[in-house]
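Have a look at the structure below, then the notes.
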Amino acid sequence: MKRLTTAPNVALATLWAELLQHQGGIHTSVQRAYASGIAGEIPPDQALPEVWVLDDNQLEPARRLLAELRELPHRHWLCHGCGETVDGPFEECWNCGAAMPGAVARA
């Protein structure tokens, strides 16, 4: 088991761990999830939650996938369903739910 990264909060650590599991099949564990309660008793940087990879051989694939997940493309597009302008990494319109033009449909 090897540490992949620290996260600023437990919600983000959990999200990263779940994305690695579901998108990459990489088994992970969130450690120090509740250590923020003792920040001040220990150095604050040691109270941050951590994401660990359970199989040492999956550490490098996990690093690559996490880097991809953290750097989603920023897009600017016009929804053909309602005419709303959509900014960010989104593939669906926030207003009407229509798919981004050219987006691949998900099952």
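Quick notes on this one:
- Förster radius 25 Å - calculated FRET efficiency between THR85 and GLN23 (Cβ-Cβ, nearest 0.05): 0.35
- Considering only the Cα atoms of the chain, their convex hull presents on average a projected area of 8.7 nm².
- Under-5 Å amide H pairs with GLU92, H placed in peptide plane, nonlocal only: MET100
- Helical content alone sets the calculated 222 nm signal of the chain at -8000 deg cm²/dmol, taking -39,500 (n - 2.57) per DSSP H segment of four or more residues and averaging over every residue.
- Annotation: amide H of LEU4 within the under-5 Å range of VAL51, TRP52, VAL53, sequence separation 5 or more or interchain, hydrogens built in the peptide plane.
- Calculated FRET value between GLU68 and ALA33, using beta carbons and R₀ = 25 Å, to 0.05: 0.55
- Unit charges on C-beta of K, R, D, E only; dipole of the chain, Debye: 120
- Exposure proxy ranking, count of Cβ atoms within 10 Å, fewest first, for TRP77, TRP94: TRP94, TRP77
- In sequence order, the stretch 65-71 has phi-based couplings of 5, 5, 4, 5, 5, 7, 10 Hz under the Karplus curve 6.51 cos²θ - 1.76 cosθ + 1.60, θ = phi - 60°, and Gly or Pro positions carry x.
- Acute angle (nearest 10 degrees) that the helix 10-24 long axis makes with the longest principal axis of the chain, alpha-carbon atoms: 70
- In the chain, taking the dipole from charged Cβ atoms about the Cα centre, the farthest positive-side position among ILE38, GLY81, ALA17 is held by ALA17.
No lab work stands behind these numbers, since they all come straight from the coordinates. What you see is a predicted model, and the numbers here were worked out from it, not measured in a lab. Here the Cβ is made from the backbone with ideal geometry for all residues, glycine too, and neighbour counts use every protein chain on show.
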